[in-house]
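The values are calculated or read from the model by the stated rules, or taken from the named source; none is laboratory data. Predicted model, so just to flag it, every value in this text is computed and none were measured. As a convention, Cβ positions derive from the backbone with ideal geometry for all residues, glycine included, and neighbour counts pool all protein chains shown.
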Amino acid sequence: MRSNQIAFVLRVAKDHRPEKISRLTGVVTAIALASVVFFGSLPTVARAGDLENIAYRQNIMKTIDAQAAALGQILSGEVPDDQAVAHFESIALAASTALKSFEVKSLGGESKPEVWSNWADYSKRMLDFAQKSAEVARIGKTQGKEAALAMVLDALPCKSCHEKYRDANAKK
């Protein structure tokens, strides 16, 4: 759409030849139209940035969710537990990036506005989550998967944060 708007401005500027009207009027018209096109499209550009930020943080959170679901399958006995430590490591890695993905205030997605209005609490919870998940991943590597699986509830305090900061009914 933006390229169509630019083409329109250029076409209008080209049609304002000196033989039809003064050159100054044509330049002023072209500048005025270009300004309307440019400034009129700024909110779209800003909104696109918000959508990209929202999608980015959702991808990180989906990674954590998928790895937690895999651990749930392991704990229920649906699948073997030989990859449990790898799932803990994946959660720890994603958790280490999660807080940074929320630093840009892009309202929307499943995040409630309280994420940013209660930033001190939210960021503390996310840092705690990152530290706990890293600790469980380290324990899994050093003490074995059984020790890590025994700590799964400590490593995944998702519900306490989701209850306060996630709008599960939000449009995905």
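Looking at (1) free of Cβ contacts under 8 Å to residues at least 24 places away in the same chain; (2) under 19 Å from A84 (Cβ atoms), which one does S117 not meet, given that it meets all the others?
It is condition (2) that S117 fails.
Within the set of pairs 6 or more residues apart or between chains, which connect a residue that is free of Cβ contacts under 8 Å to residues at least 12 places away in the same chain inside segment 155-170 to a residue that is surrounded by fewer than 14 Cβ atoms within 10 Å (Cβ to Cβ) with Cβ atoms less than 8 Å apart?
Listed pairs, sorted by first residue: H162/A168.
Would you confirm, using the coordinates I've provided, whether V136 is in a helix (DSSP H, G or I), buried (at least 18 other Cβ atoms within 10 Å of the Cβ) and more than 19 Å from the chain's Cα centre (by Cα)?
Here the answer is yes, as V136 does meet what is asked.
Between a first residue in segment 35-63 that is over 28 Å from A92 (Cβ atoms) and small (G, A, S) and a second residue that is part of a helix (DSSP H, G or I) and at pLDDT 95 or above, which pairs have beta carbons less than 7 Å apart while being 6 or more apart in sequence or on different chains?
none
On the given criteria, is D50 at pLDDT 50 or above, in contact with a strand residue (DSSP E or B) (Cβ under 7 Å, 6 or more places away or on another chain) and surrounded by 13 or more Cβ atoms within 10 Å (Cβ to Cβ)?
Yes.
Restricting to segment 57-85, give me the number of residues that are surrounded by 15 or more Cβ atoms within 10 Å (Cβ to Cβ) and among the aliphatic types (A, V, I, L, M).
Qualifying residue count for the region: 9.
Counting only residues that are of a type in the set (A, V, I, L, M, F, W, C), surrounded by 14 or more Cβ atoms within 10 Å (Cβ to Cβ) and assigned to a loop (DSSP other than H, G, I, E, B), how many does segment 101-125 have?
Residues that pass the stated criteria total 1.
Restricting to segment 139-168, name every residue that is part of a helix (DSSP H, G or I) and hydrophobic (A, V, I, L, M, F, W, C).
Selection gives I139, A147, A148, L149, A150, V152, L153, A155, C158, C161.
Within segment 150-168, is even one residue touching a Leu at 6+ places or on another chain (Cβ under 8 Å) and surrounded by 20 or more Cβ atoms within 10 Å (Cβ to Cβ)?
Yes, some residue in segment 150-168 is touching a Leu at 6+ places or on another chain (Cβ under 8 Å) and surrounded by 20 or more Cβ atoms within 10 Å (Cβ to Cβ).
Give the residues of segment 86-100 that are surrounded by fewer than 20 Cβ atoms within 10 Å (Cβ to Cβ) and of a type in the set (S, T, N, Q), sorted by residue number.
Result: S96, T97.
Got a sec? Which of T63, T142 is more than 25 Å from D167 (Cα to Cα), at pLDDT 95 or above and out of contact with any strand residue (DSSP E or B) (no Cβ under 6 Å at 6 or more places or on another chain)?
T142
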